[in-house]
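Notes follow the structure.
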Amino acid sequence: MAGAFLDLPDGPLPQTDPGTDVDAVLARLAQRRSCRAFDGSPIDPAVLEEIVADGIQAPSSCNHQNWHFVVLTEPALKRRAREISGGNTHFAECSALIYLCFQQGWTHDKFSIVQSVAGACYHMMLSAHLRGFACIWNAGIGDTGQLAELMGVPPIFEIQGALAIGRPKPTAPAMKAPRRPVRDVMSWQRFARPAVSLYPAKPAPSYRFTQISNACNPFAEWDPAVWGWDRLADFRGYAVWAKSPLAGVYRSRRQGEATLAEIGALPPLPAGARLVDVMPWGGTHTTELRRRFGPGVQLCVAELSPHNLCFIAERLRQEGLSDTNLSCDLIRQGRLPYADDSIDAVFLGQTLEHMPQPERMLDEVRRVLRPGGTGVISARNLHSRYGRHYRRVLSREQVPNSGPFIPLVARVLERWLTERFVIEEAFGISLEAGEDATRHDGKCRFLCRLLVARFRKSASTVAHR
């Protein structure tokens with residue numbers, strides 16, 4: 001009966017025999033993974049109600065249970081929810097979208113009322129998983145005012161997030177985002193954690209999370225040199241899984257046309273040539289390189305973490321692109337994993353600014369390129385309208401999931417290239433800070449958002465060692 005006490009036996013709860021069905025249940029729960037590709041088929045409303053009923057078995061602060069869950073199943077409402085979210089396609093594709101709410105005005109310490117809703121949400125996720133459904137929890141739900149109007153949520157209730165539930169498409173990635181080893185996130189008797197997973201922050205007397213938001217983080221450290229190679233590898237390898245490796249992921253509207261211009265700066269490559277894509281993170285440039293050159297060219301993806309390489313390989317599969325002549329290679333401490341004079345072409349798409357030692361990487365590119373080999377580099381320009389936007393806005397925000405970066409000065413980058421290579425072409429993309437992707441030649445390139453340069457290794461060049 002709803003609201004009744006559970007009829008539990010007297011005395012302590014019986015201990016389950018180890019090795020009975022406990023291990024099997026825990027193993028099944030550990031298989032839960034986030035899904036962003038649903039088939040849209042309906043779920044019986046009674047089953048959805050049971051999932052929510054399972055959720056409210058979670059503990060709540062002071063047992064107040066000041067939570068509320070609004071379930072959207074109407075297609076028109078889910079489509080509107082997708083629009084408000086700013087692009088969560090799975091909001092419209094899932095069978096049900098459950099909005100997680102709590103009553104405001106109850107000031108429990110440590111945001112315990114938020115923790116209560118989070119506990120209920122995860123309980124629902126496990127219930128859905130055990131019933132054979134897929135799900136994903138989302139904090140990025142968009143303007144809560146518009147959502148409140150859509151669902152009639154009164155001002156005294158806060159909309160905290162959304163839980164999407166449904167059946168996965170047959171093509172959905174059957175992959176679980178990597179988890180850290182338990183020994184890295186657990187210690188006995190006192191705090192101990194590997195230095196590589198302790199991400200740097202600006203020095204401060206204290207670090208109160210109430211002072212931090214995505215749009216304003218006074219502690220965010222944007223200098224890759226402070227992070228170092230190992231921390232960057234750790235951060236990027238886990239953060240890339242903020243999304244699923246689906247087709248089109250991490251491809252912004254602003255970047256779309258610029259990507260084609262960057263890739264287009266590469267000359268034609270013969271069959272059998274080796275092309276290296278350096279630190280592509282989520283593989284946006286990688287997919288376009290594969291589309292342009294096809295499997296006849298050996299595409300070498302060089303990244304800092306095996307987690308990135310796994311993500312990119314699956315994304316290529318989701319995009320319907322061949323993995324023939326594809327190699328996934330690890331960069332260690334900024335050194336490219338290729339022999340001297342062994343690579344025909346190198347591409348660095350807006351990645352040099354993420355590196356602790358950008359000039360050292362250019363030396364590495366010169367080392368691995370064969371004499372006469374070519375390369376293309378693009379980089380965000382500090383001396384541009386975008387650069388001003390970076391200083392005034394972006395650098396005050398939370399470090400992005402692709403990792404910290406500082407835009408380079410276009411003139412300085414061009415000088416670095418001139419000291420090492422023969423520059424064959426250089427141009428700028430966009431005088432604006434935002435969506436424009438217009439190409440600009442001549443000195444105007446030094447004022448553009450992106451500098452793009454194609455260079456060649458001279459046969460007479462002696463590489464720095």
What residue among N217, A345, A201 has its Cα farthest toward the positive end of the dipole of the chain, where the charges are +1 on Lys, Arg and -1 on Asp, Glu, each on the Cβ?
A345
Residue order, fewest to most beta carbons within 10 Å, for L362, L150, L417, L348
L150, L417, L362, L348
Mean-position separation - Cα centroids, the range 256-279 and the range 310-350, in angstrom
12 Å
Quote the convex hull volume per residue of the range 108-200, based on C-alpha atoms, as a whole number of Å³.
208 Å³
Report the Cα centroid-to-centroid distance between the range 173-228 and the range 64-87 in angstrom, as an integer.
31 Å
Taking only Cα atoms of the chain, what ratio of Rg to Rh do you get with Rh as the Kirkwood inverse-distance radius?
1.02
Take peptides 376-382, 264-270 and line them up by average Cβ neighbours within 10 Å, highest first, as a rough protection proxy.
376-382, 264-270
State which entries of K78/K110; K169/K243; K176/K243 exceed 22 angstrom in Cα-Cα distance in the structure shown.
K78/K110
Just to confirm the filter: which chymotrypsin sites (Phe, Trp or Tyr not before Pro) across the range 146-201 are DSSP coil and have at most 11 other Cβ within 10 angstrom of their Cβ?
W188, F191
When a footprinting reagent is the concern and you count Cβ atoms within 10 Å, what order do V182, V365 take, fewest first?
V182, V365
Given 20 °C and 1.002 mPa s, compute D for the range 32-166 with the Stokes-Einstein relation, Rh being the Kirkwood radius over Cα pairs; round to the nearest whole µm²/s.
144 µm²/s
Packing-based order for 114-123, 320-329, 160-169, using average beta carbon neighbours within 10 Å, highest first
160-169, 114-123, 320-329
Give me the dipole magnitude in Debye, nearest 20, for the chain about the Cα centre, with unit charges on the beta carbon: positive for Lys and Arg, negative for Asp and Glu.
1620 debye
Based solely on its DSSP helices, what 222 nm [θ] is calculated for the chain when runs of n ≥ 4 H residues each add -39,500 (n - 2.57) and the sum is averaged over all residues, nearest 500 deg cm²/dmol?
-9500 deg cm²/dmol
Highest mean packing first, using Cβ neighbours within 10 angstrom, the peptides 74-84, 440-450, 271-281 sort as 271-281, 440-450, 74-84
Residues other than L431 with Cβ under 13 Å of its Cβ, Lys/Arg counted +1 and Asp/Glu -1, net out at +2
Relative contact order [Cα under 8 Å, 6+ residues apart], the chain, whole percent
12 percent
With the charge dipole of the chain built from beta-carbon charges (+1 for Lys and Arg, -1 for Asp and Glu) about the Cα centre, the Cα from M361, V240, P75 projecting farthest to the positive end belongs to M361
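Read-outs: derived from the displayed coordinates by stated rules, not from any lab. In this text, all values refer to a predicted model and were calculated from it rather than measured experimentally. Neighbour counts are summed over all protein chains in view; Cβ atoms, including those assigned to glycine, are modelled from backbone coordinates with ideal geometry.
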